Structures are given as structure tokens and as C-alpha cells.
Amino acid sequence: MTIEQSDFQVKLNMGHTALWEHNWDGAVQAYQAALQVSPENPSVRASLGLALFHQKSYSESLRIFQQLARENPLDPMPMERIARIYEREGLLTEASNSFLQAGELQLKNHDVDRALSDFRAVIQLDPANQN
């Protein structure tokens, strides 16, 4: 393992530990430091987006998850996170649509339980939704 890889792993672990301990500021700082070493790492960017979400920095978190969704359109995780952000901001139609997209992606990935969870979220947000 190179020094750069070791430095990256230490920063990543610090971020994960801070996130686990609900130290959102520490997690954001650690993940931002890890991104200085590996700026395109999708796992670190997703973790940073999650820490920002918990920090209630919804617009920054949304930007990260939208970018991840564009880069990997078959991954349902970014759409689920986008839906949660919209839900927290009171954008229920957008949240419902995002959960619907995430549920459809979960079905394509053969994860029926997660798809059902996303579809239940759609029904909770929009009981009249016929889709």
C-alpha cells in the first residue's frame, strides 16, 4: 500500500467513525479530506452526501446525489437519497417521483424488499398515486 493509499484509508476510516458516532461535522471534514486524495471516488462522495444530509445541508447533499445518479443511472441509492432530501424540504411530488424511480431500479436489480419499501414511501407521500 502506498503512502497516498494509506493516507486515503486513514481519512476514510475517520469519516466512517465520525458518521457512526453522529459527528456530522467531523465526518464532512474527513470525507472532504479523503476526496482531496481521490476526488472521483463514488463511495466517498456518497458518504459525504450522507454526512451533509445529516448536517441538514440539503442543497449540497442533493447536488452530490444528483451527480452520482447521473454517473450511475442503474444505482437506486442516489435516487433514494434524493427522495429523502426532497421529502425533508417539503417537495413531496418530487420526493414521490424519486422514490418511484428508485423502486423501479430496485426491481431491475431484483431487490423486491427494497422496491416495496420505496413504493410504500410513494404511497405514504402521495396516496392517490396510481403508478
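The values are calculated or read from the model by the stated rules, or taken from the named source; none is laboratory data. Treat the numbers as computed from the prediction; the structure is a model and nothing was measured. For the accessible areas, the whole protein counts, side chains as well, though only heavy atoms, and no ligand, DNA or RNA atoms are used. Shrake-Rupley method; radii C 1.70, N 1.55, O 1.52, S 1.80 Å.
A few notes on this one:
- Coordinate range of the alpha-carbon atoms in the chain per principal axis, descending: 54, 29, 23 Å.
- C-alpha long axis of helix 24-37 to longest principal axis of the chain, angle in °: 70
- Our estimate of slack between residue 16 and residue 58, defined as 0.36 nm per intervening residue step minus the Cα-Cα distance, is 13.2 nm.
- Over the chain: helical MRE at 222 nm, DSSP H runs n ≥ 4 each giving -39500 (n - 2.57), nearest 500: -25500 deg cm²/dmol
- 0 to 90° range, to nearest 10: angle between helix 3-20 axis and the chain longest Cα axis: 50
- Mean-position separation - Cα centroids, region 18-61 and region 101-130, in angstrom: 26
- Protein accessible area in region 9-94, 1.4 Å probe - carbon and sulfur %: 52
- For region 3-71, projected area of the alpha-carbon convex hull averaged over all directions, nm²: 4.0
- Calculated accessible area for region 32-97 comes out at 51 Å² per residue, all protein chains present (probe 1.4 Å; ligands, DNA, RNA ignored).
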